[in-house]
1. Which peptide among 124-135, 180-191, 154-165 comes first, and what is the full order, when sorted by highest mean count of other Cβ atoms within 10 Å?
2. Taking the dipole about the Cα centre of region 96-212, with the C-beta of Lys and Arg at +1 and of Asp and Glu at -1, give me whichever of LEU123, ALA178, PRO201 is farthest to the positive side.
3. Over region 116-163, what relative contact order in percent results from Cα pairs under 8 Å that are six or more residues apart?
4. Answer rounded, prolate or oblate for region 96-212, using the Cα gyration tensor with square roots of eigenvalues a ≥ b ≥ c: rounded when a/c is under 1.5, else prolate when a/b is larger than b/c, else oblate.
5. Arranged from highest to lowest average of other beta-carbon atoms within 10 Å per residue, in what order do the peptides 194-200, 136-142 appear?
Amino acid sequence: MSFGRKRTIFAASAAVMTAAAAIPMATGFAFETNDPNATEADTELLAEAGIEADTNFAESTIALDMAPEAEEPEIVEETAPEPAEQTVAVNDTMDADLECLVKIVRHEAANQSRQGQLAVAQLVMNRVNSPRFPNSICAVAHQRGQFFNTHAYNPPRGDARWQTALEVSIDARNGISAPVVGNAIFYRAAYGYSAFHESRPRVAQIEDHIFYR
C-alpha cells in the first residue's frame, strides 16, 4: 500500500473516530467506502482502528446503533362533566281540586285572554279563602246555583285550551301572579242585566266578564 493511500485511510479513520466520540449514546459504528480498489490490507488497517469497511455502497455513511428512545406516555386531559341542565317545574299534580279549577276556567273563560281566564281562576280562589264559601275548590264549584257539575264536564285534554287553563289554574292556586280582580267573589257576563250583581260593589270588567265584591 502506498503512503498516500495510508494517509487517506487514516485521515478517514480519524474523522470517523472524532464523529463517533461526539455521540456518547452510540454503541458501535461502521465505515463504508465506495473505493473499488480497497484491498484486504486496507480493510485490516481500518479494522485495527475499530472500523468496518463495506465496498458495496455508492456513498460513504456512518451507521449508529442507537438504543431506541422510550415513547412518552400519552397524556389524556380529564375534563369535568358538564353540569346537568336545570329546569324549573311547578310542583302541582292533577289532584281533584286542581281538575275542578281547570274545568271551571276551561268552561267559563276559554274564549278569553289569559288575563280573563286568570280573573275567573282567582275569583274561585277568593271564594275558597272566604268564610262565606266552602273551603275547597270542588266544593265551591259544586255549590248549588253557582257554577256547574264538573264531573259531567269532560272537555278534550291535551289541546291548547286545556293546557292554558291548566297553567292559569296552577298560577291562581299558588298565588303566582298579582291579583287582577282584587277580592272579587262574584261575576257575570257583560251582556244583559242582573239586579243581584248590580247591587254589589263593582270591581272591574275584563273583556266579557264584570266582577263584583
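1. Working: 124-135: 15.1, 180-191: 16.8, 154-165: 13.2.
The most tightly packed comes first, giving 180-191, 124-135, 154-165.
2. My answer, from the dipole projection, is PRO201.
3. With pairs under 8 Å counted, the relative contact order is 17 percent.
4. Rounded.
5. The densest-packed peptide leads the list: 136-142, 194-200.
Just so you know, all these numbers are worked out from the coordinates, no wet-lab data involved. All of these numbers come straight from a predicted model, not from anything done at the bench. Using ideal geometry, Cβ is built from the backbone for each residue, glycine included, and neighbour counts are taken over all protein chains shown.
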